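This report concerns only the one structure given below.
Derivation of every value follows stated rules applied to the coordinates shown; laboratory data play no part. The structure displayed is predicted, hence computed values, not measured ones. Please note: Cβ atoms are built from the backbone with ideal geometry, for glycine as well, and neighbour counts cover all protein chains shown.
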Amino acid sequence: IVPVKVDFKSLFLQVQSNKQDKKSGTPPPAPLSPTPYVPPPHRSPSPPPTPVVLTPPPPPPPPPPPPPALNIPRFYYPRGLPGATKVNHDAAITAIETAFTEFEEEKADIYEMGKIAKACGCPLYWKSAMFNGAGGERTGFVSVHSFIATWRK
């Protein structure tokens, strides 16, 4: 289907002028060059158009049911949940004091804090955090007393 734009005003004026021409009694002007009549080519009749029946769209399918509730733990531990280990603070402090006795005047600089971190059971990369936390950035070293006071906090 092609939309056609119709100018109703000009169509109305054209129909009115045709009616007035017929009333005047004068015949319409003859064509300038007569053309012989050529009949349109014969075509086989086409079947009548099939009527279009509009059916309502099918109802939407019902929403899928929610997935079943799964018991997923909040964190995944590859070797299972860690046991409730009791931390023995006195044993850790004894290990720290023993590690500090290896150093001169029981003071450790940042390079020696690796041994202290291991004595505490902490990873090696914590040595600078432990050093700074115990006040080592101010003096350049950490004494056994300042470190143990920080460790107890």
Peptides ranked, highest mean first, by Cβ atoms within 10 Å: ranges 129-141, 58-70: 129-141, 58-70
Tell me, what is the percent relative contact order of region 89-152, built from C-alpha pairs under 8 Å that lie six or more residues apart? 34 percent
Dimensions of region 107-150 along principal axes (Cα, Å, largest first)? 23, 18, 15
